[in-house]
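A.B. asks: Sharing a structure, written as structure tokens. Questions coming.
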């Protein structure tokens, strides 16, 4: 039995992860602004977190921009669970 999964299924999973990450990131920034975390240390940590997230997203985009997302990944289940010894 041959199962075929297109690569864009993994792209949708990654986009769901990014959506959750952005929601938590915005809540974190709003919480810092609301609680008055205006010290130099909190500012430095916030800037470093934004820079780290931006670099991660940039390098992810550079890594996956030339991928053909319509290409399937094929799994041959019959060979994996066969009883031929």
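A.B. asks: Taking 0.36 nm per residue of sequence separation and subtracting the Cα-Cα distance, how much length would be gained by fully extending the chain between residue 53 and residue 7, in nm to one decimal? Walk me through the numbers before you get to the answer.
C.D. replies: Numbers: separation 46, 0.36 × 46 = 16.56 nm, distance 2.38 nm.
Once the chain is fully extended between residue 53 and residue 7, it gains 14.2 nm.
A.B. asks: For the chain, just the Cα set please: Rg and Dmax, both in angstrom.
C.D. replies: Rg and Dmax of the chain, Cα atoms, are 20.8, 67 Å.
A.B. asks: Here's another thing I want to ask about it. Pairing the Cα long axis of helix 40-64 with the longest principal axis of the chain, what angle in degrees results, from 0 to 90 and rounded to the nearest 10?
C.D. replies: Its long axis makes an angle of about 30 degrees.
A.B. asks: On to the next question. So what's the convex hull volume per residue for the Cα atoms of region 23-66, in Å³?
C.D. replies: 53 Å³
A.B. asks: Grab the Cα-Cα distance for residue 45 and residue 74, subtract it from 0.36 nm times how many residues apart they are, and report the gain in nm with one decimal.
C.D. replies: Length gained, residue 45 through residue 74: 6.1 nm.
A.B. asks: Who wins for biggest fluctuation among 55, 24, 75 in a Gaussian network model of the chain, springs between alpha carbons below 10 Å?
C.D. replies: 75
Each reported figure results from applying straightforward, stated rules to the coordinates on display, with no laboratory input. Since we're looking at a predicted model, the values are computed, not measured.
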